[in-house]
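Here is the structure we will look at.
The values are calculated or read from the model by the stated rules, or taken from the named source; none is laboratory data. Small disclaimer: the values here were computed from a predicted structure and weren't measured. Ideal geometry is used to build each Cβ from the backbone, glycine not excepted, and the neighbour counts take in all protein chains shown.
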Amino acid sequence: MSGRVLCVTVASASGHVIIERFYEPTSERGQMMWRRRLHEASASSVADGGAATTSAGDFARAGETCEVAWHGEECMAWCRVGDVRFYAIGSGQYDELARA
């Protein structure tokens, strides 16, 4: 099975992109589209707010707070840790986060 990792992004709770990496050529318009899709999907499932600092218990629960959504063949996965959001988009053999 083939697939790809399209994007990995780290953003603040307010949506400010801290670091972002697209692993294939994507136009600025395409990048904006994926940012919007990730924000919309995660906004509907992740509670607002969050601790300013992250405790050891938060790290232990991180796996339990991860969410996934599909957009066509691509799997969008995200996790909230304190005020930071971790996002990944993949397909094919790289959608294992959705199957976990």
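Taking segment 74-89 as the range and being charged (D, E, K, R) and under 15 Å from residue 33 (Cβ atoms) as the test, only 74 passes. Among the residues of segment 58-87, those identified as over 16 Å from the mean Cα position of the chain (by Cα) and either surrounded by 15 or more Cβ atoms within 10 Å (Cβ to Cβ) or modelled with pLDDT under 50 (or both) are 58, 59.
Could you check segment 26-57 and list, in sequence order, the residues that are exposed (fewer than 10 other Cβ atoms within 10 Å of the Cβ) and modelled with pLDDT under 90? Matches in segment 26-57: 44, 47, 48, 49, 52, 53, 56, 57.
Evaluating residue 22 against the criteria (1) modelled with pLDDT of 80 or more; (2) over 17 Å from residue 76 (Cβ atoms) leaves one unmet condition, (2).
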